[in-house]
Amino acid sequence: MYKLKPKIQGYTLLEALIYIAVLALISYLVVSVLIVMVHSFLEGRRLRALNEAGAIVMERLVREIRSANSVDDISVLNNHPGRLVLNSTDEDGNPTVVEFTTDIHVMVIGENTLWVTPAYASVSIDVGSIGLQVGGNPSTILHPSYISADSVIYRLISTPVSQAVKIDITLSDVRRTPPLSVNFHDTVVLRNSY
């Protein structure tokens, strides 16, 4: 009886190179998808922080404007940085002044500060902050320090029977370059003005 010799089987060099190339291509695709997912997550987190800060600022502005009696003449209207001074009353019915200010200052982002930009050793950014001052109390910043108020414009709308304030605010997240910006708009009628 005739017996066949078993063949020794293995990969040839060409087969091994093809398998390595296919594995490298699959690995590249998986890593690319992961990088895109992480980038999307970080941008979504920045956008969520901006929307939360904008909602807090706008809610406070709307609440204070609605309860005000009038807009004071010393307000800076129709340009940036805006300043809104409202004549209002406190809980006891005493007259008080509520003031929304916009302060512009320079923040240097570098290796020894909270945020580090990957492309530069240090970057100088004009950062605006929206502050609230009620009566003689110290001013309070209404948003986190990494959120910049790039544009704050108040416009007064007056009719013979009432007043309203149109608010246009642009906020930016300055933690990374380029900054991510979101616009917020609202028009609020002063309830105590009519």
- Please express the shape of segment 1-92 as an equivalent ellipsoid: the semi-axes are the square roots of 5 times the eigenvalues of the C-alpha gyration tensor, given largest first in whole angstrom. 76, 14, 5
- Task: Please give the peptides 33-42, 48-57, 61-70 ranked by average Cβ packing (other Cβ atoms within 10 Å per residue), highest first, as a rough proxy for protection.
- Result: 61-70, 48-57, 33-42
- Query: Assuming R0 = 22 Å, what is the FRET efficiency of Asp103 and His39, from their Cβ-Cβ distance, to the nearest 0.05?
  - Reply: 0.10
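Where a number appears in this text, it was derived from the coordinates with a stated rule and is not lab data. Every value quoted in this text rests on a predicted model; they were computed, and no experiment measured them. We place every Cβ from the backbone using ideal geometry, glycine too, and count neighbours over all the protein chains shown.
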